[in-house]
Every structure is written in C-alpha cells, then in structure tokens.
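A short worksheet on the structure shown next.
The values are calculated or read from the model by the stated rules, or taken from the named source; none is laboratory data. Predicted, not measured: the structure shown is a model, and the values here were computed from it. With ideal geometry, Cβ positions are generated from the backbone for all residues, glycine too; neighbour counts draw on all protein chains shown. For accessibility, only protein heavy atoms count, side chains too; no ligands or nucleic acids. Shrake-Rupley method; radii C 1.70, N 1.55, O 1.52, S 1.80 Å.
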Amino acid sequence: MEALRSVGSRTGAHLSQVLSARSEIRVIHAQDAANDVELLAQIGYKQELNRHYSTIQVFGIAFSIMGLLPSVASVMALGLESGASGLVWGWFIAGFFIMCTGTSLTILGSAIPTSGGLYYYTNYYAPPGVGVPLSFVIGCSNSVGLCGGICSIAYGFATEVLSAVYISRDGDFEITNAKSYGVFAACIISNVLICCLTTKHTATLQSVSIVVNVFLIILFIIAVPIGASHNGFNDAKYIFGPLENYRTWNQGWSFVLSWMPAIWTIGSFDAVIHCSEEAKNAQRAIPYGILGSIGACWILGWILCIVSAATIKGGVTLAILDSNTGNPMAQIIYDALGKKWAVAFMAMISVGQYLMSLSIVTAASRQIWAFARDDGLPFHNFVKFVNPVFKVPIRATMFAGVFSLLVGLLVLINGSAGSGALFSLAVASNMLAWGVPTLLVLLPTGRKRFQPGPFYLGKYVTTAVHITTVCWIGFIITMSMFPDSKSVNKNSMNYTCVINVGVWLLALIYYFVYGHKYYSGPKSNLEDVYDGENPSFEIDAMLDEKNNFVKI
C-alpha cells in the first residue's frame, strides 16, 4: 500500500507540474494594431513569411482545395448510394450546417489571424490546466486531418486519371491498388516540389485555380445536358423525390451517410487561417476566403448535383454505381458525350484535382510549420526552419508530403477500405480541430478572453451559430466513424475510428510522457514581450505603401 501511495503521489506531482507549465497568454487588441505585422507581433510572432496573397487569392486557397467538379467526381458514389435525390438533398442540408461551421471559424480567425490557428485558439480560450494538452491534441489532429486531405485529394486524382485511361482503352485496362498508389505518389511528390517555390508563385496558382474550376463548372453545366438530351432527362420525381437505398443500413441512416460528398468537398476552409500570415489585410481577407468559398461551393455544388442527377442515363442509379470506369461522374459524361469527350473531360477534371492538391499541400505545410514553431512536433527545430531566400517553410512542406505518402499506404494495403479511410480521416480530424475552440469560446474563460475582430455577428447571433456548429460537429464526427455497410469485414471496415482515436490518444500520451518537456502552448518568438499596452516588441519588417514588406 505504501508503494502504491508513493507511486500515486509521484504521478500526481508529475501531472500537476505538467498541467501548470504554460506559456504566457498574451493580451491581444486587434483593433489597435496598425497593420498585419503589428497584429502578428501582438499574437506573439515575428513576420517570417512574405505576404503575397491578395483577398481574391485568399478566397482561391479554399475554393481551390474544394475544387468543386473534381471533388464531386471523387465522392459522388457516396451520395448516390441513397439515390439521386439523396445526393441532391444531402448536399443542400449539409451545406447549411457547413456554412454555420465556417461562420464560427471566420469569427475566430478574424479576431486572431495566425497560421497556428485552431490549436492557438484552443490554448488561448481554454481554462487553466487543460489548455496546453488540449491544444497539443488539436495541433496533432489538425495536422493529421490536413494530411488526410492531401491523401484523399491525391487519391481522387489517381482515380480520375485511371478512369480516363480505362475509357480511352475501351475497358482494356485494369485499375489496381498498385497503379492507384503509383499515380497518388507521383501527385504528392510533384506537389511538394512545386510548393517549395516562393509564396508569390503559389499565390498566383490560386488565381489560376479559380479560373480552371469556374471553367470546368460552366463547361459541365452546359455540355453534359446538351449531350444527354438525346437520351432524355430524368423527371423531377427522380431528382427530388423518394430516396433509394443501396446500403445495408436503413434508409434514414443511409441518407445521413450520403451527406458525406458535401461534408468532404466543402471542407478544409481552415486553410485560409493557416495561410493568414501570408495574406494582406488578413483580418478582412479571412471572412471573404472562408464564407465566400463555402457559399460559392454550396450553391454551385447543388446545381452540379441536380444536373448530374438529371442526366443519369435512364435514371438507373445502380448502373452508375457499378460502372466499370470506377467513377460515376466519368460514366455520366461518357453516356452523355461519348468516349472522346469523356476522356477529355476527365483529363480536365484531373487538372482541377491536381490544383486542389497543390493548395492543400500549401495549407498543411503552414499548419505543420506553425506547430513546429511552437515546439509541438518531433524534430521541431528542423521542421520550423524557413528558407531565408524563398521565405517558404520548405522542410515543413516536405514533412507533409512524406507523412501523406506513408498514410496513403492504406490504399496499397486495402484498396476500397483504405481509400474510404482517407476520405473520412480528413473529415473527423479536422472537425475535432474546428469544434474544440468553438466550444471553448462558449465557456466562461473563453467568453471572457474573446475580443472580436472586424467580422462579428453580435453576442446572441454568434452564440447561436457557435452552438449549432458544436452540435453539428459532434454529430458528424460520430457519423464519419461508421462503415458504409452494416455488414463489416476487412474490406468494408471504416478504419477512421482506429486511426483518429489512435492519433488523439497517442498525442495525449506522448504529451504527458515526453512532449511537455518542449511544448508549453504557443510561445512568442519575438525578442521582447508585448504586454498589450506598451508596444516594446521588435519587428524586422514593415509594410510599404503597396502593402509589401521591406526590411528595416
């Protein structure tokens, strides 16, 4: 008994010491900051990256990652498993709640625009004693979620490329797990190489991506209905009417699972926050980036779903789901426009998907870099290095790529189940990272510390939006853990629950055993401390008249 009491005493003392170790919680008065550099200094960081992103390019970060038509093509099968109307109404319903979630993040991001974003907010708004370990878990979860997004987008790219090859060879081509992983790996490796260019070039890519994605949407909405007119269009009852069910779950739950196309597509909008230290006038650019991209994808995506449902040949949903092309969208285009157009369309969609992966690699690298800057990652001193010539976190970009390649091995090990885990992994991990700081800002400590930025809806509307967001996120995290079929085996198992819960538990264990020695929450890298009233900090750059940074 004495030995047990001694162990318990030492354990209690260790926990008390770990939980009491916390970096300074800074006083942030965003409205008093003269410019982006001064606000970032209030938050606790010096300006290390170049600010090249205009407001439209900030919008382009999220809009590009969402990559509407390529994303719908990647996950359409999940929606069609409850019929065409399940796809259409699932998109519309999920879109509303996603807009609420985006509004909550916009309110938080507008108040404190920093690349660390979600784990920073978690530590900032959490009660004493829990902020540091909780923020560590959120930093890990958000990093894994964004890398899961890289994996799922790159896998979607591989699927679309191989579908185009299958169609071009009239079916004389076998789509294997090895081929899928090969294209997947080539996509990620080339993404990493391109993203190691200067921020100015990656910012320009966002403008290119906007044009490509809008072009694809317009082309699909015009060309596919024209081509499908010879087959006739499906009636409104098929598009908007009774649900079908091609899952072993009951119809109600099958319909809920069919919300996943919208949830996955209209996601990763937190990328805007992660790139905020490279944005001009970040506090005002963040609302345009998050809410603009969600709104555009919600409405345009609903139109795409309706057009797709209207042009499914003969209204036979099961034929589309069982298509040998491996992609329902490819089959819809093939039935409407024929072989040559289908190959061309899938090639163009693949380009859009590739631009998506470029954008999310950029966003993931900034989150990983920020977390390493606060000593949250193993090898943090190596990862947080910013190339002094290009002003780009090249090592963090490489870290994101290597980690994504390793996670992507799930596809090689177990094709359909592995690919499903990649899609759900991005959803569950990012949802947790979005939900925790939103919940904390509703609690007494968070409410007391919160100081609104330029985007704020007032006390009561903001509270209602936050409550809706928290309830929605809790529901979707649970939903994303479910397998697509009630009959579970090694091929139909949803491994997301194993991966996500494993990451969260391992992050907590690692923090208490070892990570606390280095990570004590977000910490300032300024030479002097800013106390909220006496701006005695030092910064090494200021804005010139064109809102660019110059050394001083």
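Can you say whether Ile167 is under 30 Å from Arg51 (Cα atoms), part of a helix (DSSP H, G or I) and touching a helix residue (DSSP H, G or I) at 6+ places or on another chain (Cβ under 8 Å), as far as the supplied structure shows?
no
Taking the criterion of being in contact (Cβ under 8 Å) with a residue 60 or more places away in the chain and over 30 Å from Ala33 (Cα atoms), would at least one residue in region 274-295 satisfy it?
The answer is no, given that none of the residues of region 274-295 is in contact (Cβ under 8 Å) with a residue 60 or more places away in the chain and over 30 Å from Ala33 (Cα atoms).
Give Ser268, Ser258 a once-over and let me know the one that is under 17 Å from the mean Cα position of the chain (by Cα), among the polar types (S, T, N, Q) and crowded, with 18+ Cβ neighbours inside 10 Å.
Ser268
Could you tell me which of the residues Gly102, Gly8 is open to solvent by less than 10 Å² (accessible area, probe 1.4 Å) and either in a helix (DSSP H, G or I) or at pLDDT below 85 (or both)?
Among Gly102, Gly8, only Gly102 is open to solvent by less than 10 Å² (accessible area, probe 1.4 Å) and either in a helix (DSSP H, G or I) or at pLDDT below 85 (or both).
Taking the condition of being among the hydrophobic types (A, V, I, L, M, F, W, C) and in a helix (DSSP H, G or I), how many residues in region 433-458 meet it?
5
Please note which helices (runs of 4 or more DSSP H) are completely contained in region 269-382 and include at least 2 residues that are closer than 24 Å to Ser229 by Cα.
Here the list reads 282-310, 317-321, 328-337, 339-373.
Count, please, the residues in region 319-333 that happen to be of a type outside the set (S, T, N, Q) and surrounded by fewer than 23 Cβ atoms within 10 Å (Cβ to Cβ).
Number satisfying all stated conditions: 4.
Inspect region 127-150 for any residue being closer than 27 Å to Ser64 by Cα and of a type in the set (Phe, Trp, Tyr) and give the result as yes or no.
No, the conditions are met nowhere in region 127-150.
Could you tell me whether any residue of region 212-226 is surrounded by 20 or more Cβ atoms within 10 Å (Cβ to Cβ), modelled with pLDDT of 90 or more and not in a helix (DSSP H, G or I)?
no
Of the residues that make up region 105-127, is at least one open to solvent by less than 10 Å² (accessible area, probe 1.4 Å), within 24 Å of Trp259 (Cα to Cα) and either part of a helix (DSSP H, G or I) or touching a residue at least 24 places away in the same chain (Cβ under 8 Å) (or both)?
Yes, region 105-127 contains a residue that is open to solvent by less than 10 Å² (accessible area, probe 1.4 Å), within 24 Å of Trp259 (Cα to Cα) and either part of a helix (DSSP H, G or I) or touching a residue at least 24 places away in the same chain (Cβ under 8 Å) (or both).
Given the options Gly182, Gly156, name the one that is open to solvent by less than 60 Å² (accessible area, probe 1.4 Å), part of a helix (DSSP H, G or I) and in contact (Cβ under 8 Å) with a residue 60 or more places away in the chain.
Of the residues listed, the single one that is open to solvent by less than 60 Å² (accessible area, probe 1.4 Å), part of a helix (DSSP H, G or I) and in contact (Cβ under 8 Å) with a residue 60 or more places away in the chain is Gly156.
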